[in-house]
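Participant: Just dropping this structure here.
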Protein chains: 4
Amino acid sequence: MMVIMKPGHTREDFERVMTRIHEAGLEGHPIVGVERTVIGVVGLDRLHPELADDIEVMPGVEGTVPISTPYKLCSREFKGDDTVVNVNGVRVGEGTVTVIAGPCAVESEEQVMATARAVKERGASMLRGGAFKPRTSPYSFRGLEVQGLKLLAQARAETGLPVVTEVMSEATVQVVAEYADVLQIGARNAQNFFLLEEVARTKKPVLLKRGMSSSIQEWLLAAEYILAKGNPDVILCERGIRTFETAARNTMDINAIPLVKEMSHLPVIADPSHGTGKRRLVGPVALGMVAAGADGLILEVHPSPDHALSDGAQSLTFDMFASLMANVTKVAEAIGKRATVAV
Amino acid sequence: MMVIMKPGHTREDFERVMTRIHEAGLEGHPIVGVERTVIGVVGLDRLHPELADDIEVMPGVEGTVPISTPYKLCSREFKGDDTVVNVNGVRVGEGTVTVIAGPCAVESEEQVMATARAVKERGASMLRGGAFKPRTSPYSFRGLEVQGLKLLAQARAETGLPVVTEVMSEATVQVVAEYADVLQIGARNAQNFFLLEEVARTKKPVLLKRGMSSSIQEWLLAAEYILAKGNPDVILCERGIRTFETAARNTMDINAIPLVKEMSHLPVIADPSHGTGKRRLVGPVALGMVAAGADGLILEVHPSPDHALSDGAQSLTFDMFASLMANVTKVAEAIGKRATVAV
Amino acid sequence: MMVIMKPGHTREDFERVMTRIHEAGLEGHPIVGVERTVIGVVGLDRLHPELADDIEVMPGVEGTVPISTPYKLCSREFKGDDTVVNVNGVRVGEGTVTVIAGPCAVESEEQVMATARAVKERGASMLRGGAFKPRTSPYSFRGLEVQGLKLLAQARAETGLPVVTEVMSEATVQVVAEYADVLQIGARNAQNFFLLEEVARTKKPVLLKRGMSSSIQEWLLAAEYILAKGNPDVILCERGIRTFETAARNTMDINAIPLVKEMSHLPVIADPSHGTGKRRLVGPVALGMVAAGADGLILEVHPSPDHALSDGAQSLTFDMFASLMANVTKVAEAIGKRATVAV
Amino acid sequence: MMVIMKPGHTREDFERVMTRIHEAGLEGHPIVGVERTVIGVVGLDRLHPELADDIEVMPGVEGTVPISTPYKLCSREFKGDDTVVNVNGVRVGEGTVTVIAGPCAVESEEQVMATARAVKERGASMLRGGAFKPRTSPYSFRGLEVQGLKLLAQARAETGLPVVTEVMSEATVQVVAEYADVLQIGARNAQNFFLLEEVARTKKPVLLKRGMSSSIQEWLLAAEYILAKGNPDVILCERGIRTFETAARNTMDINAIPLVKEMSHLPVIADPSHGTGKRRLVGPVALGMVAAGADGLILEVHPSPDHALSDGAQSLTFDMFASLMANVTKVAEAIGKRATVAV
């Protein structure tokens, strides 16, 4: 951390800051500039997360500036090599494009089995489907719950596709972990710290969506909660952020893909279904995220999107999915990635 | 809901939409304009929250437009009179300015008792204090937990101030409800729907903070989750939203105060401590929110802010709090409100 | 500026940065920390605005951090005392609340004269009115242009109120300056640097609106353009920023008022008409901005808002304005300001 | 437009709205629903842009909803076929990826000639370079002005590459048009309506950057200003928007590419240099924007980016540019586009 003093600070202001730094067991190194004095704080200030805020409001202080990253275990510095998350043999983050596909919500045996077969045939590596659904309105369909989990397990039994599904509350972590291969944390729970730790404890791979207004740093700090509990298998998922633009449901943050790759060793995939909210935007944006380096895609596919109980507007038909997969393969190859798909 | 057809839509497109509307048990009334045809959907479309999304992506459809509000119980239409929430005799929302004050986190008996006495003497009506703390970094202080709750109860016993404290996880709702008078839902849990419902079931008053990127409509829908479970005692709390501006910690949304008053019958208070993140901004912004019509304030106060374990930067000293209370009283009177404070 | 080196940087990386600093005529002071090395750059880096960007992408560099503010003449450090802008005897920023009122656009002699008389009688100190109107759509009414300027001058002649009006293009600066007392730069021209300089040259007071997505720092840099051309008479105006919230037209940034007061010596007023976009929000938000310390208000008032050619939705009737002025006076007094109004 | 009445509106409120609609020469068609009455307004409401605002604040009115798009000439409805902009034989928007490259600012003859040759050899179709530079700070380098224009013309003479350069003020439109082949409107002037019209009058192709906080609709309305003056040759350019995320300079809006393609017939290219602000993000994001369907790229390239007078941090070296061009070609082919590059 650096402490920036105000131009007119007094000697006493300066001493007070130095004292506060020493109280925290750290050392202060002043540099006197033409317009400003700054104090470099030497020591592990990550262990004193409050110190910056405290100093920032002391008299004579202009502000403070972090130097170290606040996250550690998920940083590139801590681990240079890419993390590859192994989900029952599907390896995410190993120079491939992993496609996870399925309905937004599990609605019936017929729907989930048909979709699982269809996405498998067309090249998906994992099956997604919501059994517990977070809904902005209390009047919306909230999922089949445990019955939904059982249908997902049945689809896995038949197709061999590992299952990714969302867990929304600590109370259901155990039951979801019993059926799912990857536990998904949704955008609305991106800073539900108790849930993050509870999910970490299952030791199952976690798909961690970025919060709607999470900075990349906060997103990595959420991952840090999981890694700090001894679970290294985190797959990050960019799903669009909230901005002033309302022409699409969210603003897909394509910059986040190369930024995460630089800041962290964790794999990062993209969710163009939520990132756009409109079926006809999903294809172009999916290809864009792959070309920008995403390790995979998670896509909503439905046998009859117009009648979906949830997120029909952004779900692809089987035909649209097939056509997209063909293009994903071509774009992946164009940037030198092995395609995961065998269609 | 209104469905807007594209200029070049076919007769078939139109019929398909009309059929979809009828399938949902609703009626479609077309209006043929100069450039566009629109279809008015008559019936309770709040009960078909997916319908709009589904229709929106049908061929020939430009988009849909909601007409009814998606929330009901918390709307002004449903209940014209202001809701007054009674917290052990402190009546929030009755033309007064209720001030809730206390430390960000409960740190020790000494700290919480001293603060409780100080804020009571200076005119606060309730005591705030965090026992369970949501922290962006897993390396930050996370509160004294149950020990913190006990200290808050002890402070209430001595001062008579009702206690407001945050509950972060379903697993701790019961224990928090045992000690607290008002259960606070923090910004990061603003869309943790399981937690909202669990808290509703305690039948205790709920202080519901706005999510960092929640629209006012989403905030009211979160309140709707609580009201729909039979708990009418919700106090809304504006605490700043996330925008591009970084000079303060958040952007305090002053417009939200009169907007909420218009859209809902629930009381709404303001949290300038989190809304600004900087002690020296708290005073002016607190006065501004009161002048704009807020039913109260929640303020962080600490005996020695520079050494707080959490949010020291935005905590007021006892003296600053006293001085602010004097000004709050004057501004409240200026806009014709009874001041709650007797200093 | 501080340069933060990456943990694994080489000796060569370090030397390259030191060399680049020396090339710019500045000095580098390294501090070696536990996890990072940082280099303090001593000298006037404001004169080398590109240096930070250049160093930021050099090998081994994590990033750079500014220490000095990029603006100078409008900073509190440069001038400790509040600037008071004298507009024909109306002193803005001298512990008072100056109210500027009038129609969004000048539409007719009758409309502007009636409004000028009405706002004067009800306590306004200056008259506003648009002769040249920036319109998002080319199909909207764009103002009476020079004819509008003449009508404003006529209203000043009768009422004595100084005239504030917007200038939108360099080509019209001279003609606007001929008739107006204060030249307004609108939000859409907040970074139209040629226009800023052209307006500065007239030596008339300038009302500088904040851009819709300008940070406070960028807003002050826009003011710096004017001050740097030798014109010290700038009145800043907060008019709402663009965020994800769409329930009001913009998000009024109340935090900006105390922040600007801290960062700059220039007076700052508020425009709740544009900041909310809805007539019924204007009153509460106006009072809030005054309570937070704004030096004044600029308000849209129209004899018959439902028939205004521009911004009718946010214009106050004469009665609403009268009632608001009474409350502004009370709130101003509550915070110890002299009211400017004599009603 | 649809007018939505409040549930409790009176007969008188309803009649007043109907009257207001008739005053504008339009017709009102009421639909009475279960919870709400809405009034469909039939007629060309684009010609009455104020009507919606006026009605919105009338008693008994909940709000209004636009049905028609506010822009016309640039809409897909108005013209179904893609517009191809012909710049001295370089055809933009014809199923190809057009690459415009060059330095941020023209600094010297040596720099601009070397860069022009280098980008031509590596496959660029046009040369970019700033002679007049918009700078946030008045203390930054603002370009060589006319001397810069002459150097660009000299580079065109030698390489044959058409020249794209920014015009910042009405006063310089003529001189810029004399030397440039494409006039660029920068993000800060995206709503400088006088400049838009002045540029339109030159009849030269215009590269119109999206404003930092312009919605896609506002961006198209800015294009409408140019088309409405009889100049059909507009190339839109997505350059990143301002959001809460600060890890990159802006947030590149990839969704905007397919959205613009759907809403408008105009070609749209991407500027990953400004959209990311960091050289090492430019490559991945450029490929992503191409895969999402952008008609081209505009890229900053500099012989020695560490010593650039402007935007060095985001400029590519010649080698990075060569390598990126090879990948752009592959990605373009993967999505079935003819590559424009012959390397």
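The values are calculated or read from the model by the stated rules, or taken from the named source; none is laboratory data. No experiment lies behind these values; they were computed from the predicted model shown. When we count neighbours, we look across all protein chains shown, and the Cβ atoms used for this are built from the backbone with ideal geometry, even at glycine. Accessible surface is based on the protein model in full, side chains and every heavy atom, while ligands, DNA and RNA are left aside. Shrake-Rupley method; radii C 1.70, N 1.55, O 1.52, S 1.80 Å.
Participant: Give the share of C-alpha pairs in each 5 angstrom bin for region A:59-191, from 0 to the last occupied bin, in whole percents, shortest bins first.
Facilitator: Distribution as computed: 2, 10, 16, 17, 16, 13, 8, 6, 4, 3, 2, 1, 1, 0 percent.
Participant: Same structure, new question: Test of understanding: express the Cα radius of gyration of region A:227-290 as a ratio to 2.2 N^0.38 Å, with N the residue count.
Facilitator: For region A:227-290, the normalised Cα radius of gyration comes out at 1.23.
Participant: Over what distance in Å are the Cα centres of region C:118-151 and region A:186-242 separated?
Facilitator: One Cα centre to the other: 52 Å.
Participant: Stokes-Einstein at 20 °C, 1.002 mPa s, Kirkwood radius from Cα pairs: D for region D:153-221 in µm² s⁻¹?
Facilitator: Roughly 171 µm²/s, to the nearest whole number.
Participant: Just checking the output field for A:107-118: average partner chain Cβ neighbours within 10 Å of each residue's Cβ?
Facilitator: Per residue, the number of nearby Cβ atoms from other chains is 0 on average.
Participant: Once the cut-off is 16 Å, how many percent of the Cα-Cα pairs in region C:68-107 end up in the long-distance tail?
Facilitator: Working: 442 of 780 pairs.
That fraction is 57 percent.
Participant: Follow-up question, since we're still on this one. Using per-residue counts of other Cβ atoms within 10 Å, averaged over each peptide, order B:145-153, B:49-57, C:183-191 from highest down. Don't jump to the answer; show the numbers that get you there.
Facilitator: Numbers: B:145-153: 18.8, B:49-57: 21.0, C:183-191: 24.8.
My ranking of the peptides, most packed first, is C:183-191, B:49-57, B:145-153.
Participant: Tell me which lysines have Cα within less than 24 Å of residue D:133's Cα, excluding those fewer than 8 residues away on the same chain?
Facilitator: In chain and number order, the partners are C:72, C:209, C:229, D:120, D:150, D:203, D:204, D:209, D:278.
Participant: Also, quick follow-up: Report the far tail of the P(r) of the protein assembly as shown, meaning the percent of Cα-Cα pairs longer than 51 Å. Could the numbers behind the result be given before it?
Facilitator: Numbers: 237880 of 940506 pairs.
Result: 25 percent of Cα pairs exceed 51 Å.
Participant: Return the sequence-ordered ³J(HN,Hα) values of region A:140-157 in whole Hz as given by the Karplus equation 6.51 cos²θ - 1.76 cosθ + 1.60 applied to θ = phi - 60°, using x for Gly and Pro.
Facilitator: Per residue, the Karplus-derived 3J(HN,Hα) values read 8, 5, 10, x, 7, 6, 4, 4, x, 4, 5, 5, 5, 5, 5, 5, 5, 4 Hz.
Participant: Ok, one more. Divide by every residue of chain A the summed helix terms, -39500 (n - 2.57) for each DSSP H run of at least 4, and state the resulting mean residue ellipticity at 222 nm, rounded to the nearest 500 deg cm²/dmol.
Facilitator: After summing the helix terms and dividing by the residues of chain A, the value is -10500 deg cm²/dmol.
Participant: Residues of C:138-145, mean number of Cβ from any other protein chain within 10 Å of their own Cβ, rounded to a whole number?
Facilitator: The per-residue average across the peptide is 5.
Participant: What is the distance in Å between the Cα centroid of region B:70-108 and that of region D:1-60?
Facilitator: If we compute the Cα centre of each part, the gap is 35 Å.
Participant: Shape call for region C:114-231 from the C-alpha gyration tensor, a ≥ b ≥ c root eigenvalues: rounded (a/c under 1.5), prolate (a/b greater than b/c) or oblate?
Facilitator: prolate
Participant: Using the Karplus curve 6.51 cos²θ - 1.76 cosθ + 1.60 with θ = phi - 60°, work out ³J(HN,Hα) for each residue of region D:102-107 in order, rounded to whole Hz, and write x for Gly and Pro.
Facilitator: Per-residue couplings from phi come out as x, x, 4, 10, 6, 10 Hz.
Participant: How large is ³J(HN,Hα), in whole Hz, for each residue of region C:181-188 in order, when computed from phi with the Karplus curve 6.51 cos²θ - 1.76 cosθ + 1.60 and θ = phi - 60°, using x for Gly and Pro?
Facilitator: Taking θ as phi minus 60°, the curve returns 9, 10, 8, 9, 9, x, 4, 6 Hz for region C:181-188.
Participant: I've got another one for you. Along its three principal axes, how long is region B:136-187 when you only count alpha carbons? Whole Å, largest extent first please.
Facilitator: Ordered largest first, region B:136-187 gives principal extents of 34, 20, 18 Å.
Participant: What's the ranking of D:251-257, C:258-264, C:30-36 by average number of surrounding C-beta atoms within 10 Å, highest first?
Facilitator: Put in order of decreasing packing, that is D:251-257, C:258-264, C:30-36.
Participant: Between residue B:307 and residue C:91, what's the calculated FRET efficiency when r is the beta-carbon distance and R0 is 41 Å? Round to 0.05.
Facilitator: The value I calculate is 0.40.
Participant: For region C:10-159, what proportion of DSSP beta bridges, expressed in % and rounded to the nearest 5, is antiparallel?
Facilitator: Counting only bridges with both partners in region C:10-159, antiparallel ones make up about 75 percent.
Participant: Would you work out which of A:1, A:39, A:64 lies farthest towards the positive end of the dipole of region A:1-64, given +1 charges on the beta-carbon of Lys and Arg and -1 on that of Asp and Glu, about the Cα centre?
Facilitator: A:39
Participant: Out of the DSSP beta bridges found with both residues in the protein assembly as shown, what percent are antiparallel (nearest 5)?
Facilitator: Percentage antiparallel, nearest 5: 40.
Participant: Viscosity 1.306 mPa s, temperature 10 °C: Stokes-Einstein D of chain B from its Kirkwood Cα radius, in µm² per second?
Facilitator: 74
Participant: At R0 = 45 Å, how high is the FRET efficiency between residue B:150 and residue A:141 if r is their beta carbon distance? Nearest 0.05 is fine.
Facilitator: The computed FRET efficiency comes out at 0.60.
Participant: Taking every eigenvalue of the Cα gyration tensor of region B:173-275, multiplying by 5 and rooting it, what semi-axes result, largest first, whole Å?
Facilitator: Ellipsoid half-lengths, sorted descending, are 23, 15, 12 Å.
Participant: First compute the accessible area of region A:226-330 with a 1.4 Å probe, then give the percent of it belonging to carbon and sulfur atoms.
Facilitator: Within region A:226-330, the accessible surface is 55 percent carbon and sulfur.
Participant: Let me ask something else about it. So for region A:193-343, what percent of the C-alpha to C-alpha distances run longer than 18 Å? Don't skip to the answer; put the middle values down first.
Facilitator: Values: 6769 of 11325 pairs.
For region A:193-343, the share of Cα pairs beyond 18 Å comes to 60 percent.
Participant: Another question, if that's okay. Regarding region C:1-94, what whole-number volume in Å³ per residue does the convex hull of its Cα atoms give?
Facilitator: 122
Participant: Same structure again: Quick check on chain B: of the DSSP beta bridges with both residues there, what percent are antiparallel, nearest 5%? Mind showing how you got there, number by number?
Facilitator: Values: 18 of 45 bridges.
Counting DSSP beta bridges with both partners in chain B, the antiparallel share is about 40 percent.
Participant: What is the P(r) of region B:54-130, as percent of Cα-Cα pairs per 10 Å bin from 0?
Facilitator: Reading the bins upward from 0: 15, 25, 20, 15, 13, 9, 2.
Participant: Residues of B:274-286, mean number of Cβ from any other protein chain within 10 Å of their own Cβ, rounded to a whole number? Write out the running numbers ahead of the final one.
Facilitator: Details: counts 0, 2, 4, 4, 8, 2, 5, 9, 1, 3, 12, 9, 2.
Counting other chains' Cβ atoms within 10 Å and averaging over B:274-286 gives 5.
Participant: How high is the FRET efficiency between residue D:175 and residue D:82 when r is their beta carbon distance and R₀ equals 30 Å, given to the nearest 0.05?
Facilitator: 0.40
Participant: Relative contact order of region A:1-137: what whole-number percent is it, with Cα pairs under 8 angstrom and at least 6 residues apart?
Facilitator: After rounding, I find 20 percent.
Participant: I'd like the interface area for chains B and A: accessible area of each alone minus the complex, both sides summed, 1.4 Å probe, protein heavy atoms only. What is it in Å² to the nearest 100?
Facilitator: 4800
Participant: Defining a contact as two alpha carbons under 8 Å apart and six or more residues distant in sequence, what relative contact order in percent does region D:100-232 show?
Facilitator: Values: 237 pairs, mean separation 24.3, N = 133.
It comes to 18 percent, rounded to a whole number.
Participant: Here is a further query. Placing +1 at every Lys and Arg Cβ and -1 at every Asp and Glu Cβ, with all other atoms neutral, what dipole size does the protein assembly as shown have around its Cα centre, in debye to the nearest 20? Write out the running numbers ahead of the final one.
Facilitator: Numbers: 144 positive and 168 negative charges, 1 e Å.
Using Cβ point charges on Lys, Arg, Asp and Glu, the protein assembly as shown gives about 0 debye.
Participant: When the label point is put 7 Å from the Cα of residue C:246 along its Cα-to-beta-carbon vector, which residues of region A:218-247 have a backbone N closer than 15 Å?
Facilitator: Output list for this probe position: A:242-247.
Participant: Counting Lys and Arg as +1 and Asp and Glu as -1, each charge on the Cβ, what is the dipole of chain B about the Cα centre in debye, to the nearest 20? Numbers along the way, then the final one.
Facilitator: Values: 36 positive and 42 negative charges, 188 e Å.
The dipole of chain B has a size of about 900 debye.
Participant: Which parts of region D:134-150 would a label at residue D:109 reach, counting a residue when its backbone N lies under 18 Å from a point 7 Å out along Cα-to-Cβ?
Facilitator: Zone members listed by number: D:144-150.
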